[in-house]
Amino acid sequence: MGIHARVALFAAVLAVTLSTTTTAQIITYEAVRAGSAGGGGGVGAGRMLLQAKKECPVNFEEANYTIITSKCKGPQYPPALCCEALKDFACPYTTYINDVQTTCAASMFSYINLYGKYPPGLFANTCKEGEKGLECAPDTPQVKPGEENKASSAAILAVAGGGLLPVVVAAVSAFLMLLVSS
């Protein structure tokens, strides 16, 4: 394979990699509304009552809520602090809480409200951002069931460690050195 074909192949692979890794993750407004009084509310809630939801594979009871409860405090509940704390906690769970066929969002907000003693609907009424929901960093690592206690640490490491950018830069550098040496 000639050098031009290798460069073209690498460019295609890099474009696909970057397009899939930079897609912004969101916490949908539907998921946030699941935490308001009534456990779901909103458009389509009546239809969902007829459908049995699957149990959430994540045990939110074991999660560490300190990232929210240490920042989002009453009686004022400052919107900027509360919404940022919610994103810090919830972004690693977007895969699960955005799945409307599970009880994940309602379960997560139930425990957030229990441990934080927050008024019903606080986050649903306060946290408004993009058109579809609250935006998460595109490289936020997703927590898998059984890793609930690691979620806060993973979110902090993703921000502090720079996410996927150093990995992509290292891969590009290695590939370019391979091209030059052959």
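The values are calculated or read from the model by the stated rules, or taken from the named source; none is laboratory data. Quick caveat: nothing in here was measured; it's all calculated off a predicted structure. No Cβ is skipped: glycine too gets one built from the backbone with ideal geometry, and neighbour counts run over all protein chains shown.
Below are the figures for this structure:
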{"read-out": "Test result for Gly74, surrounded by 16 or more Cβ atoms within 10 Å (Cβ to Cβ), more than 23 Å from Pro141 (Cβ to Cβ) and of a type outside the set (Phe, Trp, Tyr)", "value": "no"}
{"read-out": "Hits in segment 99-146 - residues which are surrounded by 17 or more Cβ atoms within 10 Å (Cβ to Cβ), within 17 Å of Ser70 (Cβ to Cβ) and not aromatic (Phe, Trp, Tyr)", "value": "Ile112, Asn113, Gly116, Leu122"}
{"read-out": "Test result for Tyr96, out of contact with any Gly (no Cβ under 8 Å at 6 or more places or on another chain), surrounded by fewer than 23 Cβ atoms within 10 Å (Cβ to Cβ) and aromatic (Phe, Trp, Tyr)", "value": "no"}
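Each row is one residue, and each column tells you yes or no for (1) small (Gly, Ala, Ser); (2) at pLDDT 95 or above; (3) within 16 Å of Ile26 (Cβ to Cβ).
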site: Lys54; (1), (2), (3): no, no, no
site: Leu81; (1), (2), (3): no, yes, no
site: Phe89; (1), (2), (3): no, yes, yes
site: Thr126; (1), (2), (3): no, no, no
site: Glu129; (1), (2), (3): no, no, yes
site: Gln142; (1), (2), (3): no, no, yes
